[in-house]
1. Is it fair to say Leu391 is more than 14 Å from Asn252 (Cα to Cα) and within 16 Å of the ligand (Cβ to nearest atom)?
2. Would you be able to say whether some residue in segment 240-249 is assigned to a loop (DSSP other than H, G, I, E, B) and either surrounded by fewer than 20 Cβ atoms within 10 Å (Cβ to Cβ) or modelled with pLDDT of 90 or more (or both)?
3. Would you confirm, using the coordinates I've provided, whether His180 is at pLDDT 95 or above and under 22 Å from Leu295 (Cβ atoms)?
4. So, restricting to strands (runs of 3 or more DSSP E) that lie completely within segment 39-150, which ones have at least 2 residues that are more than 16 Å from the ligand (Cβ to nearest atom) and surrounded by 19 or more Cβ atoms within 10 Å (Cβ to Cβ)?
5. For segment 281-381, which fully contained helices (runs of 4 or more DSSP H) count at least 1 residues that are in contact with an Asp or Glu (Cβ under 8 Å, 6 or more places away or on another chain) and of a type in the set (Phe, Trp, Tyr)?
6. Return yes or no: is Asp371 over 20 Å from Ala472 (Cα atoms) and within 16 Å of the ligand (Cβ to nearest atom)?
Amino acid sequence: MPTRPAALLLRSATVVDTRDGSRRPGTDVLVQDGVITAVGPALAAPDGTVPVDARGRYVVPGFNDMHAHPLGRGGDVAATLELMLAHGITGYRQMSGDFDLLHARARGELRFPDASPALLAMPGPLLTMLNTATPEQAVATVREQVAAGADFVKSAAMSKERFFDAQAEALRLGVPIVGHLPGGIDVLRASRLGIRSIEHFGSGLGVLACCSTEEHDIQRAAGERQRLSLPKIKMPFMDKAVNALMRRVVLNPVNLNKAEDVAIVDRAVRTYDEDRTRELAAHFVADGTWHVPTLIRQKTSKLCDDPSFAADPDLRYMSPATLRTWHGVVGRFRKRFTPEQRATLAASHRAEYDMARIFDEAGVRMLVGTDSSGAVWVVPGAALHDEIDLLAEAGVPPLRLLQMLTLFAAEFLGTTDSMGTVEAGRNADLVLLDADPVADAANLHRVVGVVRAGTHYSEQDLTATKDRLAAARTVD
Ligand SMILES: [Zn+2]
């Protein structure tokens, strides 16, 4: 394992400006104590500087997985984080949390091995019907999480009414609310009032319903279905049971759908309308509402039994227990849905590519996220590259993808003074590529070096790490 030198000099790299895609060949990048201190031609190296020959390398800021769950699920967290780093991920937004994690961080006791990406932001426990049963409880829950240091609150399985209660309190406290859109919610109202980011296109019908010419009927039907599905009676020990259930459900939430739900999806797909999608996009732009499509998570959920997933070479990293669980999820998917219903789910996924393209063309701000360590067939680290491919397939151009991975993540978090560009003063979290990422999005896969907090991991280091983790198979 490499250790961090006092100073590191990347020699003769081509530095890519994430703001406009311009490339500066023959550029040195000097890193001291984990921070970039100079960028320019032929820099002088202080004594003891470790040189890295970066000729033919494109240097970009490290990638950020803006929807991931490596923490708090037990399992081998260090291995998961290392696998993410080995794929070029130097930062992640943790999308679920608990009070133990928040308290540990507040006490300065939440530490990770050096070979880990940075924890950029973390919420408290997900907002569900259990901690938002009444308006008072929704408010109290948000207050409690913010007091414990949550960077944001995340809506998961809650009613649309309680969503607005929680949103109002979060905004009052100056903390963002992000997450899933409850079934039947007035999406434009949530956007206008300030949901900071919508994940998975809302999860469930969410945003797709708004792109339909029959939006109101579909939303009413979806709201009614959700009302029926949320349990109303709170029993002792239910929290634990529900948490265990949630962990199983999140592997593939589509498996909860009944025939009636798929029928509503079918109606939304059949009445999907590009002009409606453009109108909706204009609202998101005006409101400053971000999107994290997580197309890979959508694909593995909706096309769960696609044979390509079970044949994915990246499964070599996953623990045998996780693979057994995933195959079980596929078995339930097969049993639950008829071929016609599976075709409907696949069609709703196709619409999501159209939405991603139209949102991007309209200027909706989007981020790259995977839902790793929480979703069936989604391999931590590797899935970021799957997501890049799917967004490229949708029509998002290469420079925009690079921006979504780097600069936009910094803008979303309000941390452009420390990340998102290769400039003096920024954290030395970098990726080295052996081909031009602005010319072709596929070149974003060609990670031949990572710098994390000033430590350089060579291509050999990254390969050795991957092989070691594959041999150990402890990632889940
Ligand atoms: Zn998630």
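The values are calculated or read from the model by the stated rules, or taken from the named source; none is laboratory data. Note that the structure is a prediction, hence the values are computed from the model and not measured. Glycine gets a Cβ as well: all are built from the backbone with ideal geometry, and neighbour counts include every protein chain shown.
1. Details: more than 14 Å from Asn252 (Cα to Cα): yes; within 16 Å of the ligand (Cβ to nearest atom): no.
Here the answer is no, as Leu391 does not meet what is asked.
2. No.
3. Values: at pLDDT 95 or above: no; under 22 Å from Leu295 (Cβ atoms): yes.
Criteria not met by His180.
4. On the way: elements: 50-53, 58-61, 63-68, 89-94, 118-121.
By residue number, 58-61, 89-94.
5. Numbers: elements: 295-302, 307-310, 320-336, 339-362.
The qualifying helices (runs of 4 or more DSSP H) are 320-336, 339-362.
6. Values: over 20 Å from Ala472 (Cα atoms): yes; within 16 Å of the ligand (Cβ to nearest atom): yes.
Spelling it out, Asp371 is indeed over 20 Å from Ala472 (Cα atoms) and within 16 Å of the ligand (Cβ to nearest atom).
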